[in-house]
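Computed from the coordinates by the stated procedures, all read-outs in this text should not be read as laboratory data. Computed from a prediction, not measured in an experiment: that's the story for all the values here. For neighbour counting, all protein chains shown are included, and Cβ atoms are generated from backbone atoms with ideal geometry for every residue, glycine included.
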Amino acid sequence: MTHSANGSNTSERVVIFDTTLRDGEQSPGASMTLEEKLEVADLLDQLGVDIIEAGFPIASPGDFESVAEVARRVKNASVAGLARASDKDIDRCAEALREAKRPRIHTFISTSPVHMKYKLQMEPERVLELVASSVTRARNHVAEVEWSAEDGTRTEIDFLCRCVETAIKAGASTINIPDTVGYTTPQEYEALFRTVRERVPNADKAIFSVHCHDDLGLAVANSLAGVRGGARQVECTINGLGERAGNAAMEEVVMALKTRPDILPYHTNIDAKLLTRASKLVSAVTSFPVQYNKAIVGRNAFAHESGIHQDGMLKNAHTYEIMTPESVGVSKTSLVMGKHSGRHAFREKLKELGYDLGENQLNDAFNRFKDLADRKKFVYDEDLIALVDDEIVTA
Ligand code: KIV
Ligand code: ZN
């Protein structure tokens, strides 16, 4: 991060739009109760998220109620609701957002040839008319209107530019170009934002937004590339929850920006120390486990087992960690005792457990620990205590 002489942050800000409660909840099996959604919304607000997408009000009475309740209680963030390009959707969305301090209507329509032909069964000119009418209607309800070109990355570029220009003219202040099916690549997505922003005459009147799905495992890389191409809003979810393979994970986007300011000179308002707590909460309420080796919030993200790595870590944490565990709300690095662990880490672990063995005893205990570790997947502190107590008794 760039800092000025007085310590203030001089890099450009990227706005974080969290869609855990909308796109995240669309993940099969991830539905949340109203109470659970409110708990997540409260934590997202505390995290410093700029916009919380609370749901899709027309989808069901339950969705309407949860958007309305989130809108009522969120203190800082804008609260967004999703609406298709229809009067009924938009009016229902506006009604759900009535008590929000900063309501945002997020309206979308598909713009790719395959979606227009088969899903919408509409000609492009009709889609263009709906872009204008939907944004205008949303704008008559609220000041903040976001327009999305669904399947934007598979949309023909001239048509995409016409749609974007129309949406901005009708009053959209945010233009989102989603990679709905997780199809794009970083170079292509960066170039797409550059091209649209160059070609659309009124582009400077809107903030551009990335919204990436992870079908090829590129959602975070694509999101960051979109930012390099000029987008200043990132749509993401906690733990990368979302349709199919998920959305871009907020914790990864935020920490990539924090860790590599040399090539990504942008900052967010997110309090990264709350990321682990948010991950645990979303995992608990959705019953979606977080994979052990998940970046930033997986239980192994700051765990080291191999002897070489543990030895390095004991000498200097920068050897194998590019961020501190504390920076994302984890109390400390863990040196996990297993068959790959070395003598240095073993000795330190024993010291932590209150044992200071002489050289011979340490060697014997270490050999017995290696035998145990070959047989056992996890070696717990209790195993080490038993092993060392045994060593002391038999010595
Ligand atoms: O993936 C997508 O295109 C969406 C839109 C509704 C923004 O979720
Ligand atoms: Zn999506």
Enumerate the lysines that Lys169 could reach by cross-link, defined here as Cα to Cα under 24 Å, with residues fewer than 8 away along the same chain left out.
Lys88, Lys205
Rg and Dmax [Cα atoms of the chain; Å; Rg one decimal, Dmax integer]:
25.0, 87
Placing unit charges on C-beta atoms (Lys and Arg positive, Asp and Glu negative, everything else neutral), compute the dipole magnitude of segment 313-375 about its Cα centre in debye, rounded to 20.
140 debye
Expressed in nanometres to one decimal, the distance between label points 7 Å along Cα→Cβ at Ala132 and Glu99 is 3.8 nm
Exposure proxy check: Thr268, Thr184, Thr174 ranked by fewest other beta carbons within 10 Å?
Thr268, Thr174, Thr184
Apply the a/c threshold of 1.5 to the C-alpha gyration tensor of segment 3-130 and tell me whether it is rounded, prolate or oblate.
oblate
Considering only Leu257, Leu275, Leu350, give the residue with the highest GNM mean-square fluctuation for the chain, with springs between Cα atoms whenever their separation is below 10 Å.
Leu350
Virtual paramagnetic centre 7 Å along Cα→Cβ of Glu359, amide N under 20 Å, in segment 296-336
none
Would you pull out the residues with amide H under 5 Å of Ile207's amide H, same chain only if 5 or more places away, H placed 1.01 Å from N?
Thr174, Ile175
Which of Glu36, Glu150, Glu382 moves most in a GNM of the chain, Cα contacts under 10 Å?
Glu382
A 32 angstrom limit on the alpha carbon distance is what I want to check against. Which of Lys37/Lys315; Lys117/Lys280; Lys101/Lys294; Lys75/Lys119; Lys280/Lys339 exceed it?
Lys37/Lys315; Lys117/Lys280; Lys101/Lys294; Lys75/Lys119
Comparing Asn367, Asn269, Asn140 in a Gaussian network model of the chain (Cα, 10 Å), the one with the largest mean-square fluctuation is Asn367
Treating only Lys and Arg (+1) and Asp and Glu (-1) as charged, each at its beta carbon, one finds that the chain has a dipole about its Cα centre, in Debye to the nearest 20, of 680 debye
Give the aspartates and glutamates whose C-alpha is closer than 13 Å to that of Lys258, dropping any in the same chain fewer than 8 places away, or say none.
Glu12, Asp271
Spatially proximal aspartates and glutamates relative to Lys376 (Cα-Cα < 17 Å; intrachain offsets below 8 disregarded)
Glu305
